[in-house]
Each structure stands twice: as structure tokens, then as C-alpha cells.
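Chemist: Take a look at this one; I'll ask things after.
The values are calculated or read from the model by the stated rules, or taken from the named source; none is laboratory data. Bear in mind that the values here come from a model prediction, so they are computed numbers and not experimental data. Cβ placement follows ideal geometry from the backbone for every residue including glycine, while neighbour counts extend to all protein chains displayed.
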Amino acid sequence: MVLPLPGRRGGGETAMDGIEQAESAPKTLREHLLVQLGMEVSEPSDRLIGSALIDLVDDAGYLTGDLGAVAKRFACAPERIETVLEILHGFDPPGVFARDLGECLAIQLRDVGRYDPAMAALIDNLDRLAAGDAAGLMKLCAVDEEDLVDMVAEIKRLNPKPGLAFDHYIAQTIVPDVFVRPMPGGGWSVELNNETLPRVMVDNHYHVELRQLATDSEARSFISNCYQDANWLVRALDQRARTILKVATELVRQQEAFFARGVQELRPLTLSTVAENVGVHESTVSRVSNNKYIGTPRGTYEIKFFFSASLASSAGGPAHASEAVRHRVRELIAAETSGNVLSDDRIAEVLNQSGVDIARRTVAKYREAMGIPASTRRRRELAKAARGL
């Protein structure tokens, strides 16, 4: 039997809120990075990529693994992964997500505004520093002995293994709550992972025995209440499992293009849309999506990452996913030449002509979020590249 649950407020959905929403303060490097990812990266597709990169960070804070494999997993250009990585380089602790010692030190120096050309030359020649080649370093860095001593002292104050300040993280594979698999004849199979479901059973024989042993009405009332609460918990958990499956099935239906072709196909999707189609309240969709994962042929993702904002169509057609619009902005800028650099106004105009209702300030916001400089700077850089500088 199960003892009565304190604080039950009528429905199975609200009674377990405290259990589902309780979270401990971040203690490991991975937890620390995931908290920052949730705050700093708003686009669901970029958060998916960021989460995958976090999984590649070792205990010292260095990025391991092949970025090309990550790009292949998400069916996107390698430049897309590099763009997200640039954002992650700004995370705390400074130096995290570096691919080698030089990059780790460079990130920390940029963080304090000390990565000047002389320091960059020193970082590029750490082997000479290890060998004690002071004369060679002074020549390469174009500094005198006093400046070189100061620069070396500054480097020694940096942390070559920033991740070790956190508790050791034992890598654990996330166990999906739902499995999505392609079916031989087309379409997708959506199944609950029974291994992740709470197992609660009511022992009816034990209940009968206790009732027979009860000697007064107060004891019998207590046993009856326990029995009712146990049955209520079983029903609540069963209902929750059914709701998770319904939400996951609707999500797969809405985002089928993503599962088939990759992250660039992520379409706009809101909690209210799924709630309406499933027949539950929007808050219910939010709760069952929290800390729940879907295992797919493309990897394992948190359910909430599949919800994406949208931009209206200027032609009155279907809305456009904000991530798809970002991808279009990247494509337009990537196709620029030194004689044809697009301003934010011009990009907005082109997108409006192609059916996307977007303002110049939104283009600027997307561009800045992707780490792309303004048109004036891009024009200068393209002109320099054209002159071979």
C-alpha cells in the first residue's frame, strides 16, 4: 500500500508538480553550462546543437570530438556549428569549450580585454615559451624583455583547466522517455519507454488483511484513505504516461520534416497548438515536456527544444519558423560580394518579397545573435579580402 500523499489538491496533474519541478542547484560543469545555454540561446535548434557540444566537454572544460560529426548529425553546415560554438566560448568559466591550450588561454584573455597582437603571437608560440626561447619570442611578439616578462606572468595567472573548478561529472547516457523510430512503410512509430515510467502497484490482499485486523472505526478509516490514495496515484501516473505519449505523437506529427531532413526544417510550434490538438491545457503540455527526452535516429533531444517561435507570412500563407528565417539571413549574407553587401533594411526587403513578414530591427537582432557583423564592417572585410590583404 501507499501512504496518503501530503498536499494533494484534487487532480493528478497538479499533485505531482512539486516533485517534477524540484531541481537542485548546479554542481557539475555540465549542469552549469546547461543553465547558461537555457538563458543565452533562445532558438531551439541552436540549443539542440549547444546541448550536443556540451556533451563533448571533458572534465577539464575542453571540447572533444569531431565538429563535423555534429554537423552531420544535425544535417547542417559546419559553419552553423562554429557559430553556436562562438556563443558557447562566452560561457563561464572563461576558457571553456576550447579545443586546445592555446585557444583556452586566448578565450580567457579576450574575456579581460588583453588579447592584443603581441599576446596573440605569444599564444601561437607556446612551444617556444616552454623551451625558454625568450629572444625568439621578443622578436615574434615585437616587445622588449620587460614586456615579455609581464605577458608571461599574465598567462601564468590564467587557468589551463577551467572545468576542474567544478565537481567531477560522471558521464551518463540520457535515457529517453519516448522512442521515435521510422516505420518500414513510411511514417514514424512513437512509443513510451516503460523503463522510465514509475512503477506503482496496489496490494489488494494486504489491504484486505489490514481491514480485518482493524479494531475500531478510526483505524478502518485510515486504511480506507490509504487505499484510495494508492489507487488515485496509480490512475494519475497512468494518465500522465498517456498524456506524454499524446504530446510526443503530436510533436512528431508537427515536426516530421525535422526528423526526416534535419534541424533546418524545424517549423514554428507553440505549446498552445499542441495543447489544442491533444485536448489538454497548455500548462499540462508544459509540465509533461519538462525534463522529458525523445530518442530519435538523429539523437536524443529534450522535448521542449522542438517548440519554436514563428514569423508571419507577408503573402498571407503559412507562418515561417524563426530558425528557418535565420537560415535564410545567413544564406543571403554568405552570398555577398565586395560590390554587393546587403544592409539590414535590404535583407528585410528581400525576405518580405519572398513572403516573410519581417522588420529591419528583427533582421538586426537575428544577425547579432548569430555573431555576424554589420554591413559596414562586412564591406570592409570583403574589400580587404578582394585586395588579398
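Chemist: If residue 258 satisfies every condition in (1) touching a helix residue (DSSP H, G or I) at 6+ places or on another chain (Cβ under 6 Å); (2) closer than 20 Å to residue 293 by Cβ; (3) at pLDDT below 80 but one, which is the exception?
Modeler: Condition not satisfied by residue 258: (3).
Chemist: Find all pairs meeting these conditions: Cβ atoms under 8 angstrom apart; at least six residues apart or on different chains; first residue within the range 324-351 and surrounded by fewer than 20 Cβ atoms within 10 Å (Cβ to Cβ); second residue basic (Lys, Arg) and at pLDDT 90 or above.
Modeler: Cβ pairs passing all conditions: 330/80.
Chemist: Still on this structure, I have one more. Out of all the residues in the range 285-303, which are more than 18 Å from residue 74 (Cα to Cα) and either among the basic types (Lys, Arg) or buried (at least 19 other Cβ atoms within 10 Å of the Cβ) (or both)?
Modeler: Result: 285, 287, 288, 289, 292.
Chemist: Moving on. How many residues does the range 367-384 contain that are modelled with pLDDT of 85 or more, touching a Ser or Thr at 6+ places or on another chain (Cβ under 8 Å) and not basic (Lys, Arg)?
Modeler: Of the residues in that region, 1 qualify.
Chemist: State whether the residues of the range 228-235 include one that is farther than 30 Å from residue 180 by Cα, surrounded by fewer than 13 Cβ atoms within 10 Å (Cβ to Cβ) and aliphatic (A, V, I, L, M).
Modeler: Within the range 228-235 (the criterion being farther than 30 Å from residue 180 by Cα, surrounded by fewer than 13 Cβ atoms within 10 Å (Cβ to Cβ) and aliphatic (A, V, I, L, M)), the answer is no, since none of the residues qualifies.
Chemist: Does the range 217-225 contain at least one residue that is within 33 Å of the chain's Cα centre (by Cα), without any contact (Cβ under 8 Å) to a residue 40 or more places away in the chain and assigned by TED's automatic domain parsing to the domain that holds residue 290?
Modeler: no
Chemist: Of the conditions (1) out of contact with any Leu (no Cβ under 8 Å at 6 or more places or on another chain); (2) at pLDDT below 90; (3) not in a helix (DSSP H, G or I), residue 65 satisfies every one except a single condition; which number is it?
Modeler: (1)
Chemist: Select from the range 262-277 the residues that are of a type in the set (D, E, K, R) and over 16 Å from residue 297 (Cα atoms) and write down the one among them that is surrounded by the most Cβ atoms within 10 Å (Cβ to Cβ).
Modeler: Step by step, filter the range 262-277, then rank; the result is 267.
Chemist: Continuing with the same structure: Could you figure out which of (1) within 30 Å of residue 78 (Cβ to Cβ); (2) part of a helix (DSSP H, G or I) isn't true of residue 267?
Modeler: For residue 267, the failing item is (2).
For every residue, the table says whether it meets (1) in the same structural domain as residue 82 (by TED's automatic domain parsing); (2) closer than 22 Å to residue 49 by Cα; (3) touching a Cys at 6+ places or on another chain (Cβ under 9 Å); (4) assigned to a loop (DSSP other than H, G, I, E, B).
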site: 327; (1), (2), (3), (4): no, yes, yes, no
site: 330; (1), (2), (3), (4): no, yes, no, no
site: 333; (1), (2), (3), (4): no, yes, no, no
site: 342; (1), (2), (3), (4): no, no, no, yes
site: 347; (1), (2), (3), (4): no, no, no, no
site: 365; (1), (2), (3), (4): no, yes, no, no
site: 378; (1), (2), (3), (4): no, no, no, no
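Chemist: Does residue 191 qualify as being in a strand (DSSP E or B), over 22 Å from residue 52 (Cα atoms), without any contact (Cβ under 8 Å) to a residue 60 or more places away in the chain and touching a Leu at 6+ places or on another chain (Cβ under 9 Å)?
Modeler: yes
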